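As structure tokens, the structure follows; a few thoughts come after it.
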Amino acid sequence: MSTTQTSNHFLIRRVHSLLGLVPIGFFLTFHMILNLTALGGAKQYDLIIETMQGFPGIMIIELVVIFIPIAVHAIYGTYVVYTGQANVLRYNYARNWFYIIQRISGLYTVVFVVIHVYLLRFGEANFAALSHFLSQPLGLIFYVLGVLFAIFHFTNGLWAFAITWGLTVGPHSQKVWLYTLGVVFVLLSAIGLADIAAFIK
């Protein structure tokens with residue numbers, strides 16, 4: 001690999017890492033917290049969604065701030081999965097398993113996001129429609145896995161993000177950050193599962 005290719009690869013990895021936090025990670029957290037409004041019932045949730053959809057220029061904002069960053073992150077992430085080499089069978093360490101799950105969760109999350117956006121954009125984006133989808137066993141399993149995989153991919157990605165950007169340079173700081181992200185994973189998972197539960201009461 002030439003110096004130029006190495007430099008380009010380094011830059012792309014930095015951009016890929018940054019997009020995972022801003023805006024994708026922020027949007028994931030905001031989206032799940034927003035969906036907690038479903039706990040207040042169909043009327044409250046539908047009002048929030050209608051208000052969001054009626055925001056001036058919302059399609060352009062979603063395209064620039066959400067869809068394009070997700071597409072770029074997903075495309076490069078798929079390339080990383082295709083070119084990466086796992087050694088979990090040779091070295092049975094926890095981080096090797098995280099490496100595998102990170103890539104599985106990334107691929108699943110791409111499928112989940114595409115289907116989720118399709119249902120909301122080309123179907124009925126309201127409480128009743130989501131409630132109907134989640135009332136089906138396969139729909140419920142699909143969403144539970146989608147939410148948990150997306151959260152895992154985000155929080156585990158933050159661990160690598162901190163190393164990539166030089167925020168955690170030693171074993172101790174990396175260990176503390178790992179435990180912190182474990183707490184974040186549990187909290188976000190609780191919110192995500194509460195979102196789903198709100199639609200299947």
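Nothing in this text is a laboratory measurement; each read-out follows from the coordinates by a stated rule. Since we're looking at a predicted model, the values are computed, not measured. Glycine also receives a Cβ, built like all others from the backbone with ideal geometry; neighbour counts cover every protein chain displayed.
Applying Stokes-Einstein at 37 °C and 0.692 mPa s to the Kirkwood radius of segment 89-191, computed over alpha-carbon pairs, gives a translational diffusion coefficient of 212 µm² s⁻¹.
For the chain, what is the mean residue ellipticity at 222 nm derived from helices alone (per DSSP H run of n ≥ 4: -39500 (n - 2.57); sum divided by total residues; nearest 500 deg cm²/dmol)? Show your work: numbers first, answer last.
Values: 9 runs with 158 residues, N = 201.
Helices in the chain give a 222 nm mean residue ellipticity of -26500 deg cm²/dmol.
Counting beta carbons within 10 Å around each of Ile58, Ile101 and listing the fewest first gives the order Ile58, Ile101. Could you tally the net charge around Ala125, taking each other residue with its Cβ under 13 Å from the Cβ of Ala125, Lys/Arg +1 and Asp/Glu -1? Around Ala125, the surrounding residues sum to -3.
Across all C-alpha atoms in segment 150-189, the radius of gyration and Dmax reach 9.9, 28 Å. Reducing segment 1-71 and segment 128-187 to their Cα centroids gives an inter-centroid distance of 15 Å.
Diagonalising the gyration tensor over the Cα atoms of segment 3-199 and scaling each eigenvalue by 5 before taking the square root yields semi-axes of 31, 20, 16 Å, largest first.
Counting alpha carbon pairs within less than 8 Å and at least 6 residues apart, what relative contact order, in whole percent, applies to segment 58-201? Walk me through the numbers on the way to the answer.
Values: 72 pairs, mean separation 34.1, N = 144.
It comes to 24 percent, rounded to a whole number.
Along the Cα-to-C-beta direction of Gln44, a point sits 7 Å from the Cα; which residues of segment 127-163 have their amide N less than 12 Å from that point? Hits in segment 127-163 for Gln44 at 12 Å: none. Between the residues Gly25, Ile48, Thr180, the greatest Cα displacement towards the positive end of the dipole of the chain, with unit charges on the Cβ of Lys, Arg, Asp and Glu, is found for Thr180. Cβ crowding within 10 Å, taken as a proxy for footprinting-reagent exposure, orders Ser135, Ser189 from fewest neighbours to most as Ser135, Ser189.
In this label model, Glu124 and Arg95 are separated by 5.0 nm, measuring between points 7 Å along each Cα→Cβ vector. With the simple spin-label model, which puts each label point 7 Å out from Cα in the Cβ direction, the Leu193 to Met59 separation comes to 3.9 nm.
Local charge for Thr83 was computed over the other residues whose Cβ lies under 14 Å away, with Lys and Arg +1 and Asp and Glu -1, and equals +2.
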